[in-house]
Every structure is written in C-alpha cells, then in structure tokens.
Amino acid sequence: MKVAGRLKRAGFVFLVWVLLVPLTGAQQDAAGKIDGSAWKIGIAKANVTPDKFIFMAGYGGRKTPADGKLTNLW
C-alpha cells in the first residue's frame, strides 16, 4: 500500500513538472544552461498613507476621522 502511494505521488510530481516547466519561459541551450531572458522581476516601495486623516472602515462608532498615525503604510 505504501509503495503504491509513493508511485502515485511520484507520477503526480512528474506530471506537474512536465506541464509547468515549459510555461516558465526559461529556455535551455545545448550546453544545458538556462537562458534567463524570459524571467522578469521588479521591486518597489511606495508610501500609501493618506495625506489627510479619513474615517476608517470597521470603526462605525466613531464620530471623527482618525486622529493620528503610528507608522506609514507601505
């Protein structure tokens, strides 16, 4: 029973690998090196803290907008 489960899992992993690896866009040359030109990555940091204080969702009992901030929202 354990062997059948392992074979079933190995087959599933192989099938997923065969189906997903071509979708990554990585190209392999004859020497076996992967051409990473299809991979793109980006990083950024932006402050999204509102300029003026606003009413916040979830605080329905409040009669005034927020009265301060501890940190910026990034």
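The values are calculated or read from the model by the stated rules, or taken from the named source; none is laboratory data. Predicted, not measured: the structure shown is a model, and the values here were computed from it. Glycine also receives a Cβ, built like all others from the backbone with ideal geometry; neighbour counts cover every protein chain displayed.
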Report task. Kindly indicate whether V3 is surrounded by 10 or more Cβ atoms within 10 Å (Cβ to Cβ), in a helix (DSSP H, G or I) and modelled with pLDDT under 85. Result -> no
For this session: Would you be able to say whether some residue in region 64-73 is in a loop (DSSP other than H, G, I, E, B), modelled with pLDDT of 65 or more, in contact with a Phe, Trp or Tyr (Cβ under 7 Å, 6 or more places away or on another chain) and exposed (fewer than 10 other Cβ atoms within 10 Å of the Cβ)?
Result: yes
